[in-house]
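The values are calculated or read from the model by the stated rules, or taken from the named source; none is laboratory data. Just so you know, these numbers come straight off a predicted model, no measurement behind them. Cβ sites come from the backbone with ideal geometry, for glycine too, and all protein chains shown count toward neighbours.
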Amino acid sequence: MLNSLGREIPEYIEGIGKLEPFQGALAKLRKGWMDEPTIPAPNRAYLPHQSKVCKSLEEAIIRSNPHNGMTVSFHHHLRNGDILLVQTLNILHNMGIREITLASSSLNECHDPILPYLIDGTVTRIFSSGIRNQLGRAIALGVLETPVVIHSHGGRVRSIHTGKIKIDLAVIPASAADCEGNATGSHGKSAFGSIGYAVIDARYAKEVIVVTDNLVDYPCIPLSISQNFIDHVVVVDSIGDASKIATGTTRITKSPMDLRIAKLAADVIEHSGFFLPGFAFQVGAGGASLAVAKFIREKMRDKGIKGSFMLGGITSYCVDMLNDGLFETLFDVQSFDAVVSNSLLNNRRHIEIPAALYANPFNCGCITNKIDVVVLGALEIDVDFNVNVITGSEGYIRGASGGHSDTASGAKLTVVVCPSFRGRIPIIKKRVHTIVTPGETVHVLVTERGICVNPLYKELEENLRRAGLNIKEIHDLEIEVDTITGIPGPLEYTDKIVGIVEYRDGTIIDVIHQLKERV
Amino acid sequence: MKPKIAAQSGTFESSDVIFLIEPLPDNSGRKLEISSTVMQQYGESFNRIIVEMLDSWQMTDIHLIAKDKGALEPTIKARLETAIKRSLEQQEGTL
């Protein structure tokens, strides 16, 4: 069957079940309730003063009823410094556990060591927001029989509380925890800031292990994760590589190209009609997106505009803007550098939020619904403004859905920033390889060669034209870029589906086909 | 013509290409080692440009290594021309 973006979606996939095709960004939400029921979270019982502390991760796993076909979940707040996901799978593999469903909120380069487990049947299914490097390559080439499911950060919460992802065991690394499992990422030698993505895992997993390298006296505050959901506590020497978890401050890019794009994007925001006192703002941490914050900060100072809140992945740059009084509040679901942890711990206007409050579409309203302006990146964008942030130009899975579609659907103004080509590959396509974010939720594309406004948003285009900005028709820009780079030869795919991309409401927006290995 | 000396031009940066040229003994012909991050998409034109330029300079007894990270055509041509001229000791000015 075709979804509303013209992508062919199978009705059923073995190992995943029936698929519902995407019908529009708000189609499912409009009726005001969801047909999918919320499943009950498991009830457990502990005796007064019963000890939860285990001597080792292995002991905690043995106590957690490991079994074939189990689902194991993790959070990715330790980014590329995480070591516990690999350690946990090593332990399960050594116990002979097979057919594991891996449900990490995202996967990074540091998880490459689990590749042999995909090959030998230890891990047979994956749910994740992102997949990169060797895993992304192997999955694109078809290492798994069952397609991986790519979800957004908000969509993951929905999948868990509607029972699409049934977590048997959640392993939650924390930089500080007490003997009862109250835990946080906001202090300790391995501090990583917000632990927002793990909150739903703690609530819904049948067994929950908190792992820390910093056992503090009871109680561990703040109660980012609270003891009433935690079965076991493990103390280890290290939860990860501190240098890769969070370091110093995030610097603004020096790339002239990114700065030019960011400057143009800031001009777009200024003249969009949404740059008003009390506006809510989100930017990514990557190259051009973060640089937009730099120019917006200057414009806010010049015009005396004070915003309401910043949301999302929080960098030290957001903290500076909070401290300058340019925004009232930071809502932090994920922190990007070491300075952020400190602010999260000490500033009461810097608030840790769970992923459900951040972006889950199946509740009475997440905070992404309140965004005025969001700035997002793209691996590819097409002439219908559909955005790909998951598959690379070489056909591998090498990115993350993250909060991209969540924030785009909520924002009054979604600005996508990217260069018009990268390493000779044009970024503006007739048709993106994989749709993650539907074009109807993208208002404007900003490249170094011009600004393209989605024809659905006429008033925005008028506002920007009136301000004298260089507006181009996206089809013209696409042709202009092709003329510079030459038209790339096509990649070849088989009929086998290796990945499905869920939209935040659980409908299927696209599928990823197996890449034919290049010769 | 055959190269007089080993020469190179370009960088390993994204959107650039690096060419390395070495002279080979007489009657060795051409030995080409070509790699590109965009071989799948642009391999054909990349190979063609290199062969055409080597032909136009009638280069022989040459070992050429090309490592491309997505350079545009004008960049490829300029880098290769520079490497060839350097290997022939024809460099002038800032070449």
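Hey, can you tell me all the residues within segment A:448-482 that are of a type in the set (Asp, Glu) and under 17 Å from A:Lys412 (Cα atoms)?
A:Glu459, A:Glu461, A:Glu462, listed by residue number.
Tell me yes or no: at least one residue of segment A:203-219 is in a strand (DSSP E or B), touching a Cys at 6+ places or on another chain (Cβ under 9 Å) and surrounded by fewer than 24 Cβ atoms within 10 Å (Cβ to Cβ). Yes, some residue in segment A:203-219 is in a strand (DSSP E or B), touching a Cys at 6+ places or on another chain (Cβ under 9 Å) and surrounded by fewer than 24 Cβ atoms within 10 Å (Cβ to Cβ). Count of segment B:57-76 residues, restricted to those that are within 14 Å of chain A (Cβ to nearest Cβ) and either on the phi > 0 side of the Ramachandran plot or not hydrophobic (A, V, I, L, M, F, W, C) (or both), is 7. Considered as a group, the residues in segment A:345-369 that are assigned to a helix (DSSP H, G or I) and more than 23 Å from A:Ser152 (Cβ to Cβ) include one that is farthest from the chain's Cα centre (by Cα), and that residue is A:Asn346.
Among the residues of segment A:370-385, those that are over 18 Å from A:Val436 (Cα atoms) and in a loop (DSSP other than H, G, I, E, B) comprise A:Ile371, A:Asp372. Would you check if A:Asp482 is surrounded by fewer than 23 Cβ atoms within 10 Å (Cβ to Cβ) and within 14 Å of another protein chain (Cβ to nearest Cβ)? Considered against the rule, which asks whether it is surrounded by fewer than 23 Cβ atoms within 10 Å (Cβ to Cβ) and within 14 Å of another protein chain (Cβ to nearest Cβ), A:Asp482 comes out as yes. Just one of (1) free of Cβ contacts under 8 Å to residues at least 60 places away in the same chain; (2) touching a Gly at 6+ places or on another chain (Cβ under 9 Å); (3) buried (at least 22 other Cβ atoms within 10 Å of the Cβ) fails for A:Leu456. It is (3). With a requirement of 1 or more residues that are among the hydroxyl-bearing types (Ser, Thr, Tyr), the strands (runs of 3 or more DSSP E) lying completely within segment A:69-188 that satisfy it span A:71-74, A:100-104, A:123-128. The one condition from (1) surrounded by fewer than 24 Cβ atoms within 10 Å (Cβ to Cβ); (2) more than 14 Å from every other protein chain (Cβ to nearest Cβ) that A:Gly392 does not meet is (2).
Can you tell me how many residues within segment A:291-314 are farther than 15 Å from A:Gly325 by Cα and buried (at least 24 other Cβ atoms within 10 Å of the Cβ)? Final tally of qualifying residues: 6.
Here segment A:123-145 is the region considered, the condition is being polar (S, T, N, Q) and surrounded by fewer than 21 Cβ atoms within 10 Å (Cβ to Cβ), and the residue that is nearest to A:Arg156 (Cα to Cα) is A:Thr124. Taking the stated definitions as given, is A:Ser420 within 14 Å of another protein chain (Cβ to nearest Cβ), crowded, with 24+ Cβ neighbours inside 10 Å and farther than 24 Å from A:Thr162 by Cβ? No, not satisfied.
For segment B:3-56, a tally of residues being within 11 Å of chain A (Cβ to nearest Cβ), in a strand (DSSP E or B) and surrounded by fewer than 16 Cβ atoms within 10 Å (Cβ to Cβ) returns 0.
Test each condition in (1) outside any loop (DSSP other than H, G, I, E, B); (2) within 14 Å of chain B (Cβ to nearest Cβ) for A:Glu461 and report the one that comes out false. With (1) outside any loop (DSSP other than H, G, I, E, B); (2) within 14 Å of chain B (Cβ to nearest Cβ) applied to A:Glu461, the lone miss is (2).
Of everything in segment A:246-292, what is of a type in the set (Gly, Ala, Ser) and either touching a residue at least 60 places away in the same chain (Cβ under 8 Å) or more than 29 Å from A:Ser341 (Cβ to Cβ) (or both)? Give them in sequence order.
Within segment A:246-292, A:Ala246, A:Gly248, A:Ala262, A:Ala265, A:Ser272, A:Gly273, A:Ala280, A:Gly284, A:Gly286, A:Gly287, A:Ala288, A:Ser289 meet the criteria.
Filtered by the rule that a residue be of a type outside the set (D, E, K, R) and in contact (Cβ under 8 Å) with a residue 60 or more places away in the chain, segment A:28-45 gives A:Leu29, A:Met34, A:Pro37, A:Thr38, A:Ile39, A:Ala41, A:Pro42. Please specify each residue of segment B:57-79 satisfying the condition of being in a strand (DSSP E or B) and among the hydrophobic types (A, V, I, L, M, F, W, C). The answer is B:Ile62, B:Leu64, B:Ile65, B:Ala66.
Checked against (1) within 14 Å of another protein chain (Cβ to nearest Cβ); (2) surrounded by 16 or more Cβ atoms within 10 Å (Cβ to Cβ), B:Ala83 passes all but a single condition, namely (1). May I ask you to verify whether A:Leu84 is surrounded by 12 or more Cβ atoms within 10 Å (Cβ to Cβ) and under 27 Å from A:Gly155 (Cβ atoms)? Yes; evaluated as a whole, the condition is true for this residue. Of the residues examined, A:Phe309 is one that is aromatic (Phe, Trp, Tyr) and more than 13 Å from the chain's Cα centre (by Cα).
If the condition is being surrounded by fewer than 15 Cβ atoms within 10 Å (Cβ to Cβ), more than 26 Å from A:His443 (Cα to Cα) and in contact (Cβ under 8 Å) with a residue 24 or more places away in the chain, then segment A:1-27 contributes A:Glu14, A:Gly15.
Here A:Val446, A:Val432, A:Val481, A:Val501 are screened, and the one residue that is outside any loop (DSSP other than H, G, I, E, B), closer than 30 Å to A:Pro10 by Cα and modelled with pLDDT of 95 or more is A:Val501.
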